[in-house]
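Below is one structure, written out as structure tokens, with a few remarks after it.
The values are calculated or read from the model by the stated rules, or taken from the named source; none is laboratory data. Just so we're clear, the structure is a prediction, and the values are computed from it rather than from any experiment. These accessible areas exclude ligands, DNA and RNA; they are computed on the full protein's heavy atoms, side chains included. Shrake-Rupley method; radii C 1.70, N 1.55, O 1.52, S 1.80 Å.
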Amino acid sequence: SQTIHQWPATLVQPVGSPLSLECTVEGTSNPNLYWYRQAAGRGLQLLFYSVGIGQISSEVPQNLSASRPQDRQFILSSKKLLLSDSGFYLCAWSVGATGNTIYFGEGSWLTVV
Amino acid sequence: AQSVAQPEDQVNVAEGNPLTVKCTYSVSGNPYLFWYVQYPNRGLQFLLKYITGDNLVKGSYGFEAEFNKGQTSFHLKKPSALVSDSALYFCAVIRGGSARQLTFGSGTQLTVLP
């Protein structure tokens, strides 16, 4: 069966520091991968998605970037964090080009202080 | 364009009573509809989906949802609520195609009172 791992679970970072959140999927090949942000415990915003290694699409211009160095690895990064980057970040995956169901990781709480 | 509305921010129900969490959608063409549940400080868990076929879809933890094309609704239901069902519930829709086009509702907080 497929599993998704996301880490770290909790992170407190000062303004201006870098960020790296990592996500890996097991049990499937060539998944579509996603980064979402959930603000105020409600609304879900798609930040990035990837259909393959090195292929990243950005949905919203912002202070963040994403990379996919391996088939089942997805990384969310920032060179300099802003206070407004605080939130709950969720990695997710779906099956290839025809997959219509998204499965989420456990999320990472980021607090920028 | 596609959208989904969850008209109730909060739903309270007594344990043992039936529960309904409402969802309406707007999409051109045939919708794919989903329900997810989120427990505090956790990721979203997939509950069920409607793609085609029987309008009544059964999912995890005893939940079911009914697709009503005429009312453009996809309400989540459970015959007998448990305290452990208390969580945040999200409805989502896409018009076929890739999951990256998934549009989520704003969520409904369900509280089951003992």
- Query: What's the tally of Lys pairs in the protein assembly as shown whose alpha-carbon atoms lie under 26 angstrom apart, where the two lysines are 8 or more places apart or on different chains?
  - Reply: 14
- Average accessible area per residue (Å²) across chain A - probe 1.4 Å, nucleic acids and ligands excluded: 45
- Message: What does the buried accessible surface come to for A and B, summed over both chains, with the probe at 1.4 Å? Round to 100 Å².
- Response: 1800
- Message: Could you work out what % of the accessible surface of the protein assembly as shown is carbon and sulfur, using a 1.4 angstrom probe and leaving DNA, RNA and ligands out of the count?
- Response: 52
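Please work out the average accessible area per residue across chain B, using the 1.4 Å probe convention, and give it in Å². Numbers along the way, then the final one.
Working: 5210 Å² over 114 residues.
Normalised by residue count, the accessible surface of chain B is 46 Å².
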- Item | Separation between Cα centres of segment B:1-18 and segment A:53-95, rounded to whole Å | 31
